[in-house]
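To start, the structure under review is shown below, and the notes come after it.
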Amino acid sequence: MVHALDIQLASGSEVPLFQQIADAITRRIHLGALPPATRLPPTRDLADALGTHRNTVVRAYEALVESGFVVSHVGRGTFVAAVAARPPSAVTPLEPAGLPWAALMSRSVGSEALRRGDRVATRRPPPDAINLGRFEPGEDVRPAEGLRRCIDHVLRRYGSKVLGYAPREGVRELRVAIAADLVRRGIPATADEVMVTSGSQQALDLLARAFIDPGDTFLVEEPTYAGVLNLLSAAGARPIGVPGDLEGPDPEALDQLTQKPWRDEHRPRVKGFYVMPNGSNPTGRTVTLERRRALVQWSRRSGVPIIEDDYGADMYLDDPPPPALRALDGQVIYVSTFSKKLSPALRIGFMVAPAGLQRELIPLKHAMDLGSSALLQHALAEFMERGYLAAHLAKIRPHYRERRDALCDALTEHLPREIAFERPNAGVLLWLRLPHSVDPELAFEAARRHGVMVTPGNVNSVSGSGAGGLRLAFCTEPPERLREAARRLGVALRESLEQADTQEPRTELV
């Protein structure tokens with residue numbers, strides 16, 4: 001029997017009383033305290049023992065029946081079902097046979113871009129390190145309560161329907177909400193032009209698979225997002241970095257890279273140009289309006305499509321950014337994500353592409369994932385329709401602005417004069433420019449020894465040596481720890497400068 005003392009009810013808890021009762025019984029069944037065929041107390045008896053209404057216990061028993069933990073027989077009572085797993089039968093393992101895994105790997109697995117990123121990812125932070133390398137919202141700014149309410153609402157409204165496969169192009173309600181949000185920001189879009197993806201990373205992967213044959217040339221900013229370099233390497237592309245300045249990528253350099261013989265049939269074709277115009281990863285820069293217009297004009301002249309990765313449009317910290325490239329030219333492929341605005345756990349991004357391209361991408365996406373989570377898509381649609389997204393962005397901008405200002409002010413105070421940076425206007429990234437004599441990976445290691453985790457810029461470089469800088473993310477740490485991080489970085493970078501004066505720069509971590 002289940003006794004009153006076995007169940008502790010928390011009257012002030014957010015969990016309803018019936019659910020507390022059901023959960024308590026479920027735990028005992030799972031732990032074996034209530035074996036199969038055990039008869040549960042009559043609902044009236046358990047309600048009296050717990051000091052609650054009988055209907056509360058009835059709802060608890062109904063929940064247990066629905067989940068399969070108990071069975072109910074009219075006139076006989078409620079009994080624990082046979083849900084215990086059978087113990088595994090004894091199996092004698094085969095002797096390990098050394099399969100030739102290294103020989104089975106494709107060339108893309110051993111790409112230099114992946115190796116560079118792995119060298120950094122495997123370096124463990126010291127105790128109580130201040131993490132300026134983690135590029136995701138901090139726990140204090142993730143809208144857990146709003147998302148919980150929306151998920152609860154969706155489950156109550158749609159029931160088991162949202163636990164099936166989602167449409168290939170994404171849940172209609174979410175595509176409508178995304179299109180409306182884009183129009184609000186001056187980007188013409190309809191729901192039919194929006195395709196929901198598993199984060200922006202899947203959207204970029206789709207484009208790489210759709211565009212690239214081995215040996216094709218693909219242009220990226222130098223430096224650029226490390227994740228796109230990995231995808232291009234996996235697709236067999238030949239990535240080429242495009243230099244730029246504080247206004248954005250250099251249009252003259254783009255012209256040189258797309259004139260003959262680059263378009264000659266005997267050379268790999270240029271299949272696209274990837275750019276992050278707002279809060280660029282890793283530099284944090286925002287492309288000016290004049291330069292955006294120049295990029296669109298270049299794309300039209302060269303016939304090379306632009307892939308616009310726009311995670312930071314709504315995360316501006318001072319003035320709103322200039323119009324998106326997609327707003328200037330409907331042929332631009334627009335990619336964005338909710339990972340940085342809300343939570344990486346959502347794994348929801350989207351792409352807006354010309355209709356002809358969209359038709360080709362949808363079956364390719366379906367082959368990759370059979371459809372993203374319908375439950376999370378419906379929940380995000382509800383989140384947007386209730387106005388939660390707009391309210392959340394209005395709340396986090398001051399938080400990120402305060403963190404940016406704290407970090408920038410402290411860096412100005414503590415950094416050696418040889419290290420330069422610009423105050424970012426959008427996004428949550430800041431770029432420290434290092435002198436050519438300082439190896440970014442060695443500077444990364446010096447910072448790690450002093451208790452600060454950063455990202456060395458060579459993971460963001462096509463060649464591995466073209467990005468002499470450190471990326472700092474100020475989204476996860478509070479202002480006081482950001483100030484301390486700047487102080488520690490000042491000490492670490494002074495050591496790096498002194499070391500650079502006495503030895504040749506290296507490119508490998510030890």
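Structure above, values below:
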| read-out | value |
| --- | --- |
| Single condition D118 does not satisfy, out of (1) in contact (Cβ under 8 Å) with a residue 40 or more places away in the chain; (2) over 30 Å from P323 (Cβ atoms); (3) within 19 Å of the chain's Cα centre (by Cα) | (1) |
| Flag if G133 is under 22 Å from Y400 (Cβ atoms) and touching a residue at least 40 places away in the same chain (Cβ under 8 Å) | yes |
| Condition met for L207 (at pLDDT 95 or above and more than 27 Å from R433 (Cβ to Cβ)) | yes |
| Residue match in the stretch 455-463 (condition: outside any helix (DSSP H, G or I), in contact with a Gly (Cβ under 6 Å, 6 or more places away or on another chain) and not aliphatic (A, V, I, L, M)) | yes |
| Hey, R301 farther than 21 Å from W431 by Cβ and among the basic types (K, R) or not | yes |
| Residue list for the stretch 318-331, filter: among the aliphatic types (A, V, I, L, M), surrounded by fewer than 23 Cβ atoms within 10 Å (Cβ to Cβ) and in contact with a helix residue (DSSP H, G or I) (Cβ under 7 Å, 6 or more places away or on another chain) | L328 |
| Within the stretch 73-98, tally of residues that are at pLDDT 80 or above and open to solvent by less than 100 Å² (accessible area, probe 1.4 Å) | 8 |
| Meets criteria (open to solvent by less than 40 Å² (accessible area, probe 1.4 Å), closer than 26 Å to D245 by Cβ, touching a helix residue (DSSP H, G or I) at 6+ places or on another chain (Cβ under 9 Å) and aliphatic (A, V, I, L, M)) for V452 | no |
| Residue list for the stretch 162-174, restricted to those being surrounded by 12 or more Cβ atoms within 10 Å (Cβ to Cβ) and touching a residue at least 24 places away in the same chain (Cβ under 8 Å) | V162, Y165, A166, P167, R168, E169, G170, V171, E173, L174 |
| Some residue of the stretch 124-145 being surrounded by 15 or more Cβ atoms within 10 Å (Cβ to Cβ), in a helix (DSSP H, G or I) and touching an Asp or Glu at 6+ places or on another chain (Cβ under 9 Å) | no |
| Identity of the residue in the stretch 395-439, basic (K, R) and closer than 13 Å to L472 by Cα, that ends up most open to solvent (accessible area, probe 1.4 Å) | R423 |
| Residue within the stretch 262-276 that is open to solvent by less than 20 Å² (accessible area, probe 1.4 Å) and modelled with pLDDT under 95 present | no |
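The rows are residues; the columns are (1) under 17 Å from D310 (Cβ atoms); (2) open to solvent by 40 Å² or more (accessible area, probe 1.4 Å); (3) of a type in the set (A, V, I, L, M).
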site	(1), (2), (3)
V335	yes, no, yes
K340	yes, yes, no
A345	no, yes, yes
V352	yes, no, yes
K365	no, no, no
G371	no, no, no
A374	no, no, yes
A379	no, no, yes
E382	no, no, no
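The values are calculated or read from the model by the stated rules, or taken from the named source; none is laboratory data. Values in this document were obtained by computation on a predicted structure and should not be read as measured data. We place every Cβ from the backbone using ideal geometry, glycine too, and count neighbours over all the protein chains shown. Accessible surface is based on the protein model in full, side chains and every heavy atom, while ligands, DNA and RNA are left aside. Shrake-Rupley method; radii C 1.70, N 1.55, O 1.52, S 1.80 Å.
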